[in-house]
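Engineer: Take this structure, written in structure tokens, and hold onto it; I'll ask about it next.
The values are calculated or read from the model by the stated rules, or taken from the named source; none is laboratory data. The model shown is predicted, which means the values in this text are computed figures rather than measured ones. Because the Cβ atoms are built from the backbone with ideal geometry, glycine has one as well, and the counts that use them run over all protein chains shown. The protein model used for the area step is the full one, side chains on, heavy atoms only, and it has no ligands, DNA or RNA in it. Shrake-Rupley method; radii C 1.70, N 1.55, O 1.52, S 1.80 Å.
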Amino acid sequence: MTHEVPPSLPPADAAAPPRGRAPGGSPGAGPAYPAATSAAPASTASASTASASTRPAAAEEADVIVVGAGPAGSATASYLARAGVDVLLLEKAQFPREKVCGDGLTPRAVKALIGMGVPVREQDGWVRNKGLRIIGGGVRLELPWPELSSYPGYGLVRTRLDFDEILARTAQKAGARLLEGVTVMGPVLDDDGRITGVTARSTADAGGPERSYRARVIVAADGNSSRLSLAMGLSKRDDRPMGVAVRTYYTSPRHDDDYLESWLDLWDGPRQLPGYGWIFGMGDGTSNVGLGMLNTSDSFGHVDYRDLLRRWLAGMPPEWGYVEENRTLPIRGSALPMGFNRTPHYTRGLLLAGDAGGMVNPFNGEGIPYALESGELAAQFITQALARPDAAGAERVLMAYPQALKAAYGGYYTLGRRFVQAIGNPKVMQFATRHGMPRPALMRITLKLLANLTEPRGGHATDRVIHALSKMTPAA
Ligand SMILES: Cc1cc2nc3c(=O)[nH]c(=O)nc-3n(C[C@H](O)[C@H](O)[C@H](O)COP(=O)(O)OP(=O)(O)OC[C@H]3O[C@@H](n4cnc5c(N)ncnc54)[C@H](O)[C@@H]3O)c2cc1C
């Protein structure tokens, strides 16, 4: 690495070992930590993983530390490594690992994967879909993904068990040093409160000793709870929407459905809930079935979501097989942090990417494309900052990252917040379902809006309207 070190950013240790190599694990040099695993195949779930107990000690310095190897962290690390930056990617789990998700990827996510260099051919194990089937208000609509120059005309599904490992191996292949089984405990701060590293310990040894890792810039890509952001004083904003979603898998003859399916009729007694249920065929004999709901409704927090899922599925045709004896995993749930619900996205040496920065789309609950895109954006800003010859210049670049995020999503997320506020009223939700669903042309436009699939320039008149609306709405 040849970046000049801005004075106030911690310098790279001259004695630090070269990228991708552990310093030899000398006896007594600290706890036995997983070494950065060498480049691994990009698409094999069985690729070798480091073991927390058997590998020698890892390098402790890097230009950049990325905390969390979910989509946001792996994208950040991948783009940084490609730009020649020495990046350490710390992940508390060992791959392959489960992540609670619907496993559905819209064309927006597919585009981001292609940009990252991930092969998405069907022979690589990806299951393609043609669009979204929406069921609600007594109507069943099949809406193909729009034909656009900016996005591919298909979506994908892949279990997160595979998906996240593929992304992490992609980052590794690009040159990022991935340490699995390392739980980051907190920030290391200098006298000005600027983050200069993190402390971590082996996940397998919760009571074990802590070790510190130092870098010039740190990225929090540690998901919705983002302990690292919290430790830096960045808590969630109450004025931003939040969702909650649960999901499980059933063996089902519907496993090879070539449309993602979403059900708008979620009822809690007489109240229609703001949210939707989904059925995504995984192509492996199972369906991913789940539901998500928004905090803009009075019912939020008072509903037993697992029970709601069971009640919703009880109304399904029995031949689809969504019954207890076909369930292959427990029903698990997690939060959906939406519409920039943690800000600022840069402060004192720490950038936030993906769920850590609350970047789930409020319109439809998808978070993977925004995790991948924000990771790419963070990497671009960091790469430029590291190349600045002075601290003030580097800081100026990093301070511009939140502005770039606002320019990309701010207006759209503001619209999304208004949308979730409106449908939080059961009467509005009911009205929208009843009057929107019978109008396929209107629903095609709605799909573009909800999935954020429009041409940024030119395109169809509807693209221009949606785009103009997003741009005119103040980003906040
Ligand atoms: C039920 C449900 C269904 C969903 N369905 C979809 C869908 O179909 N499509 C879609 O696009 N989005 C979906 N989402 C949203 C999507 O899952 C998230 O937006 C996405 O995973 C965000 O990626 P991320 O990398 O920011 O965070 P995460 O995927 O949460 O990754 C964070 C990573 O950080 C690691 N980590 C956390 N803490 C530490 C620590 N202290 N030290 C080291 N590592 C740490 C974690 O182990 C994890 O690997 C769904 C969410 C839920 C809850």
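Engineer: State in Å² the accessible area per residue of the chain; use a 1.4 Å probe, count heavy atoms of protein chains only, and round to the nearest integer.
Structural biologist: Using a 1.4 Å probe on heavy atoms only, each residue of the chain averages 39 Å².
Engineer: Determine the order of Glu319, Glu324 by accessible area, beginning with the largest, at a probe radius of 1.4 Å.
Structural biologist: Greatest to least solvent exposure: Glu319, Glu324.
Engineer: I would also like to ask the following. Could you compute the net charge surrounding Gly243? Neighbours are other residues with a C-beta less than 13 Å from the C-beta of Gly243; K and R count +1, D and E count -1.
Structural biologist: Cβ neighbours under 13 Å give a net charge of +2.
Engineer: Another question about this same structure. For Asn425, enumerate residues with amide H under 5 Å from its amide H, sequence gap 5+ or separate chain, H modeled in the peptide plane.
Structural biologist: none
Engineer: Sorted by accessible area (1.4 Å probe), largest first, how do Lys471, Lys236 line up?
Structural biologist: The ordering from most to least exposed comes out as Lys471, Lys236.
Engineer: Helix-only estimate, please: 222 nm mean residue ellipticity of the chain, summing -39500 (n - 2.57) across DSSP H runs of length 4 or more and dividing by its residues, to the nearest 500.
Structural biologist: Theoretical 222 nm ellipticity from helices: -8500 deg cm²/dmol.
Engineer: Tell me, what is the 1.4 Å probe accessible area of Arg396, in Å² to the nearest 10?
Structural biologist: We get 150 Å² for Arg396.
Engineer: Here's something else I'd like to know. Work out from phi, with θ = phi - 60° and the Karplus expression 6.51 cos²θ - 1.76 cosθ + 1.60, the ³J(HN,Hα) of each residue of the stretch 198-214, listed in order in whole Hz, and give x for Gly and Pro.
Structural biologist: 9, 9, 8, 9, 5, 4, 6, 10, 4, x, x, x, 8, 9, 10, 10, 10
Engineer: A follow-up question, please. Taking the Cα centre of each part, how many Å lie between the stretch 303-340 and the stretch 174-243?
Structural biologist: The stretch 303-340 and the stretch 174-243 have Cα centres spaced 32 Å from each other.
Engineer: Which one, Thr414, Gly436, Ala394, projects farthest toward the positive side of the charge dipole computed for the chain from Cβ point charges (K/R +1, D/E -1)?
Structural biologist: Gly436
Engineer: Just the accessible area for Arg271, please: 1.4 Å probe, Å², rounded to the nearest 10?
Structural biologist: 80
Engineer: Considering only protein heavy atoms and a probe of 1.4 Å, how much of the accessible area of the stretch 316-433 is carbon and sulfur, as a whole percent?
Structural biologist: Using a 1.4 Å probe with all protein chains present, the stretch 316-433 comes out at 58 percent carbon and sulfur.
Engineer: Now, a different point. To the nearest 20 debye, what charge dipole does the stretch 81-190 have about its Cα centre, counting +1 at the Cβ of each Lys and Arg and -1 at the Cβ of each Asp and Glu? Walk me through the numbers on the way to the answer.
Structural biologist: Numbers: 16 positive and 13 negative charges, 61 e Å.
With Lys and Arg at +1 and Asp and Glu at -1, about 300 debye.
Engineer: Next question, about the same structure. Once the other residues with Cβ under 12 Å from the Cβ of Leu398 are scored (Lys, Arg +1; Asp, Glu -1), what is the net sum? Numbers along the way, then the final one.
Structural biologist: Working: positive: Arg194, Arg216, Arg348, Arg388, Arg396; negative: Glu395.
The answer is +4.
Engineer: Residues with beta-carbon under 12 Å from that of Leu453, excluding Leu453: net charge, scoring Lys, Arg +1 and Asp, Glu -1?
Structural biologist: Details: positive: Arg108, Lys111, Arg444, Lys448; negative: Glu147, Glu366, Glu455, Asp463.
Taking every other residue near Leu453 into account, the sum is 0.
Engineer: Please name which of Leu88, Gly70, Ala245 has its Cα lying farthest along the dipole of the chain towards the positive end, using unit charges on Cβ (Lys, Arg +1; Asp, Glu -1) and the Cα centre as origin.
Structural biologist: Of the listed residues, the answer is Ala245.
Engineer: Still on this structure, please answer the following. Using a 1.4 Å probe on the protein chains only, how many percent of the accessible area of the stretch 220-264 belongs to carbon and sulfur?
Structural biologist: Its accessible area is 50 percent carbon and sulfur atoms.
Engineer: Relative to the Cα centre, what is the charge dipole magnitude of the chain, using +1 at the beta carbon of each Lys and Arg, -1 at the beta carbon of each Asp and Glu, and rounding to the nearest 20 debye?
Structural biologist: Working: 51 positive and 46 negative charges, 186 e Å.
Charge dipole, the chain, about its Cα centre: 900 debye, nearest 20.
Engineer: Could you state the angle between the C-alpha long axis of helix 411-423 and the longest principal axis of the C-alpha atoms of the chain, as a value from 0 to 90 degrees rounded to the nearest 10?
Structural biologist: 40
Engineer: Accessible surface of Glu210 in the full protein assembly, 1.4 angstrom probe, to the nearest 10 Å²?
Structural biologist: Looks like 90 Å² after rounding.
Engineer: Oh, and also: Work out the length of the dipole vector of the stretch 401-453 about its Cα centre, built from +1 on the beta-carbon of each Lys and Arg and -1 on the beta-carbon of each Asp and Glu, and round it to the nearest 20 debye.
Structural biologist: My answer is approximately 120 debye.
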